[in-house]
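Have a look at the structure below, then the notes.
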Amino acid sequence: MAEPKPVSPETRNFLLSVGTGTLDWCMQCGFCTAVCPWRLAGGRLGTYFNIRRIQRLAQLGVEGFDDEEALFACTTCALCEAHCPRRVEIVANIRALRGILVEAGFVPQHLDPIISSLYANGNPWSGPRARRLDWARDLRLPRFERDTEYLLFVCCTSCYDPRSQRIARSVVRLLDSAGVSFGVIGTEESCCGDVADKVGAGEAFRQLALSNIRLFQSKGVRRIVTTSPHCFVAFRDRYPALGGEFEVFHYTEVLLERVRHGALGFARRLSERVAYHDPCYLGRHGGVFDAPRELLGVVLTAPLVELAWVREVSHCCGSGGGRLWAETPKGQRLGELRVSDALARGARVLTTACPYCVMTLEADCFGLGQQENLQILELGELLASCCI
Amino acid sequence: MAVLVFAELENGKVGRNALEVLGGARSVADKLKMEVLCCVLDGDGGQRTGELGQAGADRVIVVKVATANPSDPESYLAALAETCTGIRPVLIMFAGTPVGRQLAPRVAHRLSYGIVTDCLSIRVADDGREILLTRPIYGGKVHAVFAAREGQVITVRPRALRPLEHPYRADPQVDYVEATPRGGQPRTRVVEVHKETESGVKLEEAKVVVAGGRGIGGPEPFAMLEELAGLLGGAVGGSRAAVDAGWLPATRQIGLTGKIVSPDLYVAVAISGSSQHMAGVANSRVIVGINIDPEAPIFHSAHLGVVEDYREFVPVLIEKIKSAKAC
Amino acid sequence: MKIVVCLKQIPDPDALPSDLVIDPETGKPAANKYPLTISPFDENALEIALQLKDKVPGTQIVALSYGPESAEQTLRKALSLLADEAVLVKKETSKLEDGYGVARVLASAIRKVGLPDLVLCGRQAGDWDAGVVGFLLADELGLPCVGFVSQVVSADGNRMVFKTEIEGGWQFLEAELPVLATVTNDETNVLRMAKIKDIMMAHRRKVSVLTLSELGIDGGDLERCRVHGGLKELFTPVSTTVCEFIAGESPAEKALALLGKLREARLV
Ligand SMILES: Cc1cc2nc3c(=O)[nH]c(=O)nc-3n(C[C@H](O)[C@H](O)[C@H](O)COP(=O)(O)OP(=O)(O)OC[C@H]3O[C@@H](n4cnc5c(N)ncnc54)[C@H](O)[C@@H]3O)c2cc1C
Ligand code: SF4
Ligand code: SF4
């Protein structure tokens, strides 16, 4: 038996005051823990990290809710929130608890370089600012002008990671063929700040967001189309509070609209068995479930393979909320579950619409030695391959 | 007027650090038309006066302190400061070793001299009147140039200055100074000294250094780096991140505040290449960076770059070296 | 036992870009947007103090900083790790001061709060990297000094045994208290995480503020005591190295290509 620890009303009130206001709604039913994908991953975190318990301890102000390993395990996928009968804002609670540590100067070691690089370079990848547009080196990329309709905002990951750059290039190609009026700003842009926000680095998030908001406003941006659902959600849901009101779209929404208007067609159809993984930030957080599926419907000849957990209850790939930068032992990774499920359903291609998901699923597919059997493709890449 | 060097011996020998500082002192003193005095502790360097002369000293001052222990500056600081006070050299130089870095500020304090540490270069200005000292700040992101005061103590970064190419003189004048012990027991005492005697090669002297960083991800894979270093006849070190994670002992840290190395071949595995880390390897002949991230800053200083996951690349590299050796 | 730990607040070294510009007047980054943090080796020193407090009942830790108002943040971090007292000596100028001045201020503050058994400093601050203040402070206080400490091995009564870094190895060194130690990092002294509850409590605790005049120091004196020689120039060193990326379709191909290059350069 563990030693009994005292209940602290003071701590409790403090936690409520820093933004865990919905903690009190929790009735400890345990749905959240039951559905949390870590349960299925079978590793240490599956038992060690228990979201209901964290919230219980925090409710009472009992020591233990601030255990670093557990607190930074959550991927902020929000699957638990989708099931919570009391509508507790679980992700906001996690963010606020992390924030107390991080803002007081206690940053978990693995996140230190990320947050530092956000300050130093305006991106989490230690990429030089000046090279933010390198992904488009040989493209004729339109610059954002006052009469451009959409600002195309490319995720830092797709700016700097060579694999991920293909995503940005595909999206540009699609927007181009669809005749969308879009342009980029480029090196002056900073990271959307989603990762800073979710790991509790509130000040870093604020600085990044304010610098983007100022930049966008000065260039006359009204509509933004993003390659990544993380930027999409950050701009749409987090920027308004800081004075940044923009109309924000994920590229799948913009493309679908063009397809419907007959402005975008595909010359080639795919006959492979393709499965779609709902990124948590596009689906649950962003509310976009149908646009990717409808786009796939246009290019696939066979019906889409639906995974076991899809749409509102889709399972996370494991890389949100700062987890992209955390190490999880092989055999205990969330992405492995998605890859295995896709394989079990006979899919040959697993597609998704988020650069983090692509990075993670691809690594986990390789890790399982299944790269010959399952191809990981970002949706834009798949679509672009159909528009000769 | 003179330039004074405190020479710390390494295992009783005139090592690279002493040679470098004396070499640097010689060239400054020549420009200023001054003598180079070299202070050593008796016992530590009393027998090595000839070598110190060859390394650049005009005069060697052997300081005798009954209770001195070379690795405990506290035990001879007072004697050294007194000796310096008697001479009042324009410039007092120490190597940037743990001992030198402890002595320099305190000697400066006692003489009311200026103090500049970690100098990368010492230059006499064109008009011959000023000594200019360059040292890195902010981890080496910026360099600062100071004009030395009349009466300046400095420490010199290891591997920044060159030893003399030709012996200077074999018979320097030798003076002995006996320090008068002042009241009371010494307040510090060395209990036990551990020199790294790990089989294999000493990090600072290795011709090849293989180093691992945070991206290595755990202690076990360092066995792989050991194997690679073994095949190349080198030693293993790492970044501070690797040390802080507990994967390597602190004595294996390379960088600004770790070991300064200057091998012919430096292989940085899963090290991002922060300025603080690179400060320790800048004088390597060839730097190879192995990093999964093509944008990693290591590629701004590396001569050869491999963009790969080290977990896949290093085993293959080991295998290729083995098979090359076999035939 | 009473311990004073000296903590300096600096711009987070990891958050500074490679094309950093430093203002020669203030000695700080010209752009004023970088997060502030405790200098890394001071954190190691704080951890050593905390470990002593864990081991030796009744240990009192005083966290001391000389800096602008913002350095209060730095001291709160120490309070949230259960330092017993926090003292800020307010810096009255934004001008760069040298190690002598800082050591004088810290020495006066330490005398004011009462000479402890152990004074801990980081081996060097992570901004100007000079590494002189701790040693000068020992002299100002007339204390023996043990440099480059990575661990306290034992502490009993009026003696302490330290593990310290030396050229090519390490040693155990015994010192009579009171003593000043400058701390270097190793795997045992990485600063711990705080408990959220303690962070909360730290918000409410008092940081005592001392002014220079309370310490009997004339601020103008400090500016004049710039003995470390005239700062003439600051510049950004430029690297001229151009990296040659090893090409290849697979790790194996790249390994062969790399070996070829190394052989050419007679390195293997
Ligand atoms: C005053 C001061 C003194 C300091 N002194 C030193 C010092 O002496 N020495 C020192 O090293 N640091 C020192 N530092 C710390 C320094 O600033 C950096 O924080 C540190 O060097 C970072 O270590 P790293 O490169 O191992 O880790 P990171 O910067 O985290 O880099 C890890 C790298 O590994 C790569 N990687 C990850 N996985 C893989 C994989 N599977 N395959 C290949 N690559 C991979 C990543 O792309 C990344 O580039 C000092 C800092 C200060 C403030
Ligand atoms: S599902 Fe909601 S109410 Fe139930 S334990 Fe979790 S947070 Fe509390
Ligand atoms: S957000 Fe996702 S990972 Fe976090 S607790 Fe909820 S279900 Fe688990």
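The values are calculated or read from the model by the stated rules, or taken from the named source; none is laboratory data. Quick caveat: nothing in here was measured; it's all calculated off a predicted structure. No Cβ is skipped: glycine too gets one built from the backbone with ideal geometry, and neighbour counts run over all protein chains shown. Areas reflect the complete protein model, heavy atoms only, side chains present, ligands, DNA and RNA absent. Shrake-Rupley method; radii C 1.70, N 1.55, O 1.52, S 1.80 Å.
When both region B:89-137 and region C:12-60 are represented by their alpha-carbon centers, they are found 25 Å apart. Modelled label positions at A:R146 and A:T187, each set 7 Å beyond Cα in the direction of Cβ, lie 2.5 nm from each other.
Kindly identify region B:203-326 as rounded, prolate or oblate by the Cα gyration tensor criterion: order the square roots of the eigenvalues as a ≥ b ≥ c, call it rounded if a/c is under 1.5, otherwise compare a/b with b/c, prolate if a/b is larger, else oblate. Verdict is rounded for region B:203-326.
In this simple spin-label model, placing a label point 7 Å from the Cα along the Cα-to-Cβ direction at both C:V153 and A:D138 gives a separation of 6.2 nm. For the set B:K31/B:K202; B:K202/B:K320; B:K31/B:K259; C:K33/C:K77; B:K259/C:K261, the pairs lying more than 29 angstrom apart at their alpha carbons are B:K31/B:K202; B:K31/B:K259. Contact order for region B:146-249, expressed relative to its length and based on alpha carbon pairs under 8 Å spaced 6+ residues apart, stands at 22 percent.
Per-residue ellipticity at 222 nm computed for chain B from its helices equals -8000 deg cm²/dmol, with DSSP H segments shorter than 4 residues left out and the rest contributing -39,500 (n - 2.57). Projecting the Cα positions of B:V191, A:L175, B:I260 onto the charge dipole of the protein assembly as shown (unit charges on Cβ atoms of Lys, Arg, Asp and Glu, taken about the Cα centre) puts A:L175 furthest along the positive direction. Placing a label point 7 Å from the Cα of A:R269 along the Cα-to-Cβ direction, the residues of region A:361-388 with a backbone N closer than 16 Å are A:386-388. Considering helices alone, the calculated mean residue ellipticity of chain C at 222 nm is -9000 deg cm²/dmol, with DSSP H runs of length four and up weighted by -39500 (n - 2.57) and normalised per residue. Pick from C:F148, C:F41, C:F245: which residue has the top mean-square fluctuation in a GNM of chain C where Cα pairs under 10 Å get a spring? Residue with maximal mean-square fluctuation among C:F148, C:F41, C:F245: C:F245. Spatially, region A:171-210 and region C:170-240 are offset by 38 Å when compared through their Cα centroids.
Which of these, B:G15, B:G56, B:G128, has the largest mean-square fluctuation under a Gaussian network model of chain B (Cα springs below 10 Å)? Most flexible of the set in this elastic network: B:G128.
Rounding to the nearest 10 and keeping the result within 0 to 90°, find how far the Cα-based axis of helix B:98-111 lies from the longest principal axis of chain B. The two axes meet at around 30 degrees.
At an R0 of 30 angstrom, the distance between the Cβ atoms of B:Y176 and B:K33 translates into a FRET efficiency of 0.65. A simple charge model with +1 on the Cβ of Lys and Arg, -1 on the Cβ of Asp and Glu and nothing else charged puts the dipole of region A:39-142 at about 440 debye relative to its Cα centre. Of all DSSP beta bridges confined to chain B, the antiparallel ones make up roughly 20%. In this label model, A:D112 and A:W325 are separated by 1.2 nm, measuring between points 7 Å along each Cα→Cβ vector. Using only alpha carbon pairs under 8 Å that are at least six residues apart, calculate the relative contact order of chain B and give it in whole percent. Result for chain B is 14 percent.
For the chain pair B and C, buried accessible area totals roughly 7300 Å², probe 1.4 Å, rounded to the nearest 100.
Bridges between two residues of the protein assembly as shown, per DSSP, are antiparallel at a rate of about 30%.
The mean sequence distance of close C-alpha pairs (under 8 Å, at least 6 residues apart), as a share of the length of region A:9-103, puts its relative contact order at 37 percent.
Of C:P116, C:P17, C:P237, the residue with the greatest mean-square motion in the GNM of chain C, using alpha carbon springs below 10 Å, is C:P237. A Förster distance of 45 Å, applied to the separation of the beta-carbon atoms of B:Q185 and B:E205, puts the FRET efficiency at 0.75.
Quick one: if the Förster radius is 56 Å, what FRET efficiency do A:H83 and B:R162 give, using the C-beta to C-beta distance and rounding to 0.05?
Computed FRET efficiency for A:H83 and B:R162: 0.20.
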